[in-house]
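A short worksheet on the structure shown next.
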Amino acid sequence: MTVRLPGEQSAPERGRLLVVVAVPAEAEAVLRGLPGSAEPLPLPGGGLHRTRHADGPEVDVLAAGVGPAAAAAGASAALAAHRYDAVVSAGIAGGFAPRAPIGATVLATAIVAADLGAETPEGFADVTELGFGTVRHTPPPTAVALAAEALAAGTAGPVVTGTVLTVSTVTGSAGRAAALTARHPGAAAEAMEGFGVAEAAARHGVPAFELRTVSNPVGPRDRAAWRIGEALAALERAFAALPCPEFLKEARRG
């Protein structure tokens, strides 16, 4: 059951989207890409802002913190307080080269917890293989396709669809990057929050998506090669190009 904050109304007929990012710099990039001014909303932990479109849905942007646990907690708090038609985990990420180069925008066709499981003598076994739950959420494909087409027409860099991996420890070696791509051949990007957001959304019966812009290649850790400013600019362009009304309509159809 959704418990709304005092004065909260049901989502308007045109819909409402929740965007969950990790840090304020990502939230600011998303908000720069959206029309209208943003106003803060009360939420335990803070960091939630709403833009009010003249002709489109409302978009709430939440900076929930780094990692799957913080993302799940923040998304759950927002979903309990407000009504949404869809949730997007967004932000910058590492891209698996050559599929997702620096500056690319990645839309998830699957959101996968890549390191949730156990090491065994035969290698890594995820919790699904162990019989304890799921490591995968699949966004509604028609909504992903619609967004990908719109972003490809409206952004400067390449738009890629594929699996986005959620990890608790960022990859810092070629060996681990190779192991991840061997287990997940469709992997396009690696981030730290998507699966947590998707788990929260699933518990509230809301479709979840993930949108990432690439700041660095997944592999050996080389801070000098990161292009965070470029990735944040791509994130801004992605949300400027996202057709929110049509996207939410497809998300609701599932």
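The values are calculated or read from the model by the stated rules, or taken from the named source; none is laboratory data. All values derive from a computational prediction rather than experimental measurement. Positions of Cβ are generated from backbone atoms using ideal geometry, with glycine treated the same way; all protein chains shown enter the neighbour counts. Areas reflect the complete protein model, heavy atoms only, side chains present, ligands, DNA and RNA absent. Shrake-Rupley method; radii C 1.70, N 1.55, O 1.52, S 1.80 Å.
Observations on the structure shown:
- Counting only strands (runs of 3 or more DSSP E) that sit completely within region 54-151, those holding 1 or more residues that are surrounded by fewer than 22 Cβ atoms within 10 Å (Cβ to Cβ) and either in contact (Cβ under 8 Å) with a residue 12 or more places away in the chain or not charged (D, E, K, R) (or both) correspond to 58-63, 105-113, 117-120, 123-126.
- Unmet criterion (only one of (1) open to solvent by 10 Å² or more (accessible area, probe 1.4 Å); (2) part of a helix (DSSP H, G or I)) for LEU43: (2)
- Subset of region 120-157 (residues that are at pLDDT 95 or above and not aliphatic (A, V, I, L, M)): ARG136, HIS137, THR138, PRO139, PRO140, PRO141, THR142, GLU149
- Test: GLU236 is surrounded by fewer than 24 Cβ atoms within 10 Å (Cβ to Cβ), more than 16 Å from VAL61 (Cα to Cα) and either at pLDDT 95 or above or in contact with a Lys or Arg (Cβ under 8 Å, 6 or more places away or on another chain) (or both): no
- The single residue among ALA233, ALA202 that is assigned to a helix (DSSP H, G or I) and either in contact with a helix residue (DSSP H, G or I) (Cβ under 9 Å, 6 or more places away or on another chain) or basic (Lys, Arg) (or both) turns out to be ALA233.
- Filtered residue count, region 1-38, keeping only those that are modelled with pLDDT of 95 or more and open to solvent by 50 Å² or more (accessible area, probe 1.4 Å): 4
- Filter pass, VAL197 being modelled with pLDDT of 95 or more, closer than 27 Å to GLY56 by Cα and in contact with a Phe, Trp or Tyr (Cβ under 8 Å, 6 or more places away or on another chain): no
- Single match in ALA198, ALA224, ALA189, ALA208 (criterion: free of Cβ contacts under 8 Å to residues at least 60 places away in the same chain and either within 12 Å of the chain's Cα centre (by Cα) or open to solvent by 60 Å² or more (accessible area, probe 1.4 Å) (or both)): ALA224
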